[in-house]
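Heads up, the thing below is written out as structure tokens.
The values are calculated or read from the model by the stated rules, or taken from the named source; none is laboratory data. Bear in mind the structure is a predicted one, so any value in this text is a computation, not a measurement. Here the Cβ positions follow ideal geometry from the backbone for every residue, glycine too, while neighbour counts run over all protein chains shown. Remember, those area values only see protein heavy atoms, side chains included, never the ligands or the DNA or RNA. Shrake-Rupley method; radii C 1.70, N 1.55, O 1.52, S 1.80 Å.
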Amino acid sequence: RGRPWLSQMACSFVFMPPLVRPIRRPRPLFDAQTGRCAVGLQAWAFDGGTEIAASSAAEVVPLPWSDPACIDPEEALLAALSSCYMLFFLHICAAAGLVVEHYRDEARARLIADGAGRPHVGAIRLRPEVRFVTPVDPAEVEALHAQAHERCFIAASLRSTVRIEPQPAAGVLRGG
């Protein structure tokens, strides 16, 4: 069958990174004495107009040099992965004529050290909870998850292994 959608996408889309700019602050952005950046150093401005305040993770750079209210790069990576996977999963379900009534992902990741002791985002787990309008054979659901994982651009871009751990959906199915 091939993947005509993949070659079309690879040729048709150019992904632009968000514009990263410092947030104007009354105090210096960088403290040369401590070697630390100011809290809430950056804003990510996307081409659609959305702007998100970003900071280092408080678990990586302690307070007051980080802001836990802001998104951190590690969270953004996990959110991008979870979103990419979900969009492919929903597309594959729609193409198969399956209606998804509920989708929730409790994605998890943590910083771990590689063989050289360098920390990286690893131990990545997506935990999608999916409920369909009508019952779907569990083997088919497993195959849908495998297809979504194979097609997910973000997962394919990471050096860490991404584990997919489907969760049982709470609640009752309608219409079936």
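List of remarks:
- Evaluation of SER160 against (1) at pLDDT 95 or above; (2) closer than 21 Å to ARG108 by Cα (one fails), failing number: (1)
- Number of residues in the range 33-56 that are open to solvent by 80 Å² or more (accessible area, probe 1.4 Å) and at pLDDT below 70 equals 1.
- Matching residues, the range 71-95, being out of contact with any helix residue (DSSP H, G or I) (no Cβ under 7 Å at 6 or more places or on another chain) and more than 26 Å from THR50 (Cβ to Cβ): ALA95
- Residue match in the range 123-143 (condition: at pLDDT 95 or above and on the phi > 0 side of the Ramachandran plot): no
- Every residue from the range 120-139 that is touching a residue at least 12 places away in the same chain (Cβ under 8 Å), outside any loop (DSSP other than H, G, I, E, B) and either open to solvent by 70 Å² or more (accessible area, probe 1.4 Å) or of a type in the set (D, E, K, R) (or both): ARG125, GLU129, ARG131
- Looking across the range 57-66 at every residue that is surrounded by fewer than 16 Cβ atoms within 10 Å (Cβ to Cβ) and not aliphatic (A, V, I, L, M), the one that is nearest to ARG151 (Cα to Cα) is identified as GLU59.
- The range 69-119, residues that are within 24 Å of LEU144 (Cα to Cα) and in a strand (DSSP E or B): VAL100, GLU101, HIS102, TYR103, ARG104, ASP105, ARG108, ALA109
- Qualifying residue in the range 67-87 (condition: open to solvent by 50 Å² or more (accessible area, probe 1.4 Å) and over 26 Å from ALA43 (Cβ atoms)): no
- Whether a residue is over 24 Å from ARG159 (Cα atoms) and not small (Gly, Ala, Ser) was assessed, and TYR103 passes this test.
- Failed item in (1) over 14 Å from the mean Cα position of the chain (by Cα); (2) assigned to a loop (DSSP other than H, G, I, E, B), with SER160 passing the rest: (1)
- Qualifying residue in the range 147-158 (condition: open to solvent by less than 70 Å² (accessible area, probe 1.4 Å), free of Cβ contacts under 8 Å to residues at least 60 places away in the same chain and touching a helix residue (DSSP H, G or I) at 6+ places or on another chain (Cβ under 8 Å)): no
- Tallying residues that are open to solvent by less than 50 Å² (accessible area, probe 1.4 Å) and out of contact with any Asp or Glu (no Cβ under 9 Å at 6 or more places or on another chain) within the range 90-116 yields 5.
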